[in-house]
1. Restricting attention to the range 6-15, report how many residues are surrounded by 14 or more Cβ atoms within 10 Å (Cβ to Cβ) and part of a strand (DSSP E or B).
2. Among N17, N23, N13, N73, which is the only one that is among the polar types (S, T, N, Q) and at positive phi?
3. Identify all residues within the range 1-38 that are aromatic (F, W, Y) and out of contact with any helix residue (DSSP H, G or I) (no Cβ under 9 Å at 6 or more places or on another chain); write none if there are none.
4. If you check I27 against the conditions, is it touching a residue at least 60 places away in the same chain (Cβ under 8 Å), surrounded by 13 or more Cβ atoms within 10 Å (Cβ to Cβ) and among the hydrophobic types (A, V, I, L, M, F, W, C)?
5. Under 7 Å between Cβ atoms, which residue pairs at least 6 apart in sequence (or on different chains) link something in the range 35-63 that is part of a loop (DSSP other than H, G, I, E, B) with a partner that is charged (D, E, K, R) and surrounded by 13 or more Cβ atoms within 10 Å (Cβ to Cβ)?
6. So, of the residues in the range 67-94 that are of a type outside the set (D, E, K, R), touching a residue at least 24 places away in the same chain (Cβ under 8 Å) and part of a loop (DSSP other than H, G, I, E, B), which turns out to be farthest from N23 (Cα to Cα)?
7. Are any residues in the range 29-51 among the acidic types (D, E) and more than 17 Å from I66 (Cα to Cα), and if so, which ones?
8. Quick check on my filter: what residues within the range 53-92 are among the hydroxyl-bearing types (S, T, Y) and more than 14 Å from the chain's Cα centre (by Cα)?
Amino acid sequence: MEKISFKITNNENEEVNLEVNKNIKIIDLKKIIMEKFKISAIYIDLELLLERPIRKFGKFNLEPGILPQSFDNSKIEDFAFGNEILSIKILNNNNYTYKQKKKNNFIKRRRVGNKERKKQKKEEDFVLNKNDFPPLG
């Protein structure tokens with residue numbers, strides 16, 4: 001498995017080097033960080049300390065600043081992480097509750113073939129009388 005390395009700094013300027021698999025979600029990374037630093041906050045934000053954005057084709061861009069909370073359900077492998085060690089700063093956030101992604105429980109509709117459509121059209125024939133239309137002239 002591929003791994004990625006992070007250099008994590010908290011509010012007290014304590015630094016920890018952390019190496020994790022790329023197939024875990026961002027929310028799982030945040031939980032690991034909370035355990036390492038023994039953070040009692042409900043939730044943490046990650047601030048990426050980058051000199052310039054990191055971009056790769058087909059991946060999420062990494063830009064300097066706070067990683068949006070909407071990426072919590074995304075896997076680390078979906079981001080444009082390179083081979084270098086990324087610097088991250090932890091920001092405590094007590095005003096957020098994590099919402100897990102809901103599964104789509106939509107109703108699957110049956111596909112109707114041409115033969116069935118023709119049967120349906122035949123059943124819907126209209127009966128027209130001459131009295132239904134006004135005279136033309």
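Every number here is computed from the coordinates shown, using simple stated rules; none is lab data. These numbers were taken from a predicted model, which means no experiment stands behind them. For neighbour counting, all protein chains shown are included, and Cβ atoms are generated from backbone atoms with ideal geometry for every residue, glycine included.
1. Filtering the range 6-15 for residues surrounded by 14 or more Cβ atoms within 10 Å (Cβ to Cβ) gives 6-10.
Cutting the leftovers down to part of a strand (DSSP E or B) gives us 6-9.
The number of residues fulfilling the criteria is 4.
2. On the way: N17 fails: at positive phi; N23 fails: at positive phi; N73 fails: at positive phi.
Only one candidate passes the filter, namely N13.
3. Let us first name the residues in the range 1-38 that are aromatic (F, W, Y), namely 6, 37.
Of everything in the range 1-38, just one residue is aromatic (F, W, Y) and out of contact with any helix residue (DSSP H, G or I) (no Cβ under 9 Å at 6 or more places or on another chain), namely F37.
4. On the way: touching a residue at least 60 places away in the same chain (Cβ under 8 Å): yes; surrounded by 13 or more Cβ atoms within 10 Å (Cβ to Cβ): yes; among the hydrophobic types (A, V, I, L, M, F, W, C): yes.
Yes, satisfied.
5. Note: pairs meeting the criteria are L49/K89; P53/E63; K59/D78.
6. N94
7. Here is the first cut: in the range 29-51, the ones among the acidic types (D, E) are 35, 45, 47, 51.
E35 - this is the single residue of the range 29-51 that is among the acidic types (D, E) and more than 17 Å from I66 (Cα to Cα).
8. Selection gives S87 alone.
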